[in-house]
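Here's the structure, in structure tokens; my notes come after.
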Amino acid sequence: RIGTRLWALLAARTPRGVFFKLNAGRVGLASTPSAVARFGDAQVGDAVLCCVSGVSLSGAYLYLDRYDPDWDYFDHQLRPAGAREVGAFGREHRHRPALGEACDPLLLRGLPAADGLAGENLDAWEAGPE
């Protein structure tokens with residue numbers, strides 16, 4: 001079933017794709033350039049957590065993509081887009097790892113001031129009781 005997570009053993013890497021051994025009577029493969037690129041750091045013999053992105057017409061092959069906890073790459077409508085797109089689901093948002101550009105002031109509290117830890121460079125919180 002598309003979207004199923006499974007562990008696959010990387011068995012071979014060729015210019016046409018990446019092939020996997022599964023604990024089933026099927027062969028796993030990644031053949032699209034983007035899916036192959038996501039397996040770039042995996043070596044032959046590595047067990048990789050994958051998700052099923054498609055099934056061949058005969059059912060003998062499972063098309064795999066690397067599992068990502070944030071994105072379902074097998075679902076084209078939900079992939080992160082670099083630019084706004086108009087489509088069935090819109091994909092109007094761009095992925096950004098942070099909610100804003102500025103850093104939260106509470107995260108900065110307690111960090112040394114830029115000019116060092118001397119006198120007026122400490123705020124009241126860092127200076128301690130007077």
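The values are calculated or read from the model by the stated rules, or taken from the named source; none is laboratory data. Keep in mind it's a predicted model, so treat the numbers as computed, not measured. Backbone-built Cβ (ideal geometry, glycine too); neighbour counts: all protein chains shown.
Going through region 1-16 one residue at a time, which ones are small (Gly, Ala, Ser) and under 20 Å from the mean Cα position of the chain (by Cα)? Show your work before the answer.
Pass one, region 1-16, residues small (Gly, Ala, Ser): 3, 8, 11-12.
Correct list: Gly3, Ala8.
In this structure, does Val48 turn out to be under 17 Å from the mean Cα position of the chain (by Cα), buried (at least 16 other Cβ atoms within 10 Å of the Cβ) and of a type in the set (Val, Ile, Thr)?
On the way: under 17 Å from the mean Cα position of the chain (by Cα): yes; buried (at least 16 other Cβ atoms within 10 Å of the Cβ): yes; of a type in the set (Val, Ile, Thr): yes.
Against the criterion (under 17 Å from the mean Cα position of the chain (by Cα), buried (at least 16 other Cβ atoms within 10 Å of the Cβ) and of a type in the set (Val, Ile, Thr)), Val48 qualifies.
Being farther than 12 Å from Tyr61 by Cα, among the charged types (D, E, K, R) and buried (at least 16 other Cβ atoms within 10 Å of the Cβ) is the filter; apply it to region 1-38 and report the residue that is modelled with the lowest pLDDT.
Arg38
Across region 32-63, what is the total count of residues that are closer than 18 Å to Thr4 by Cα, of a type outside the set (A, V, I, L, M, F, W, C) and in contact (Cβ under 8 Å) with a residue 12 or more places away in the chain? Can you show your working first?
Of region 32-63, the ones closer than 18 Å to Thr4 by Cα are 35, 38-39, 47-57, 59-63.
After this cut, where a residue has to be of a type outside the set (A, V, I, L, M, F, W, C) as well, the list is 38, 53-54, 56, 59, 61, 63.
Then drop every residue that is not in contact (Cβ under 8 Å) with a residue 12 or more places away in the chain, which leaves 38, 53-54, 59, 61, 63.
Adding up the residues that qualify gives 6.
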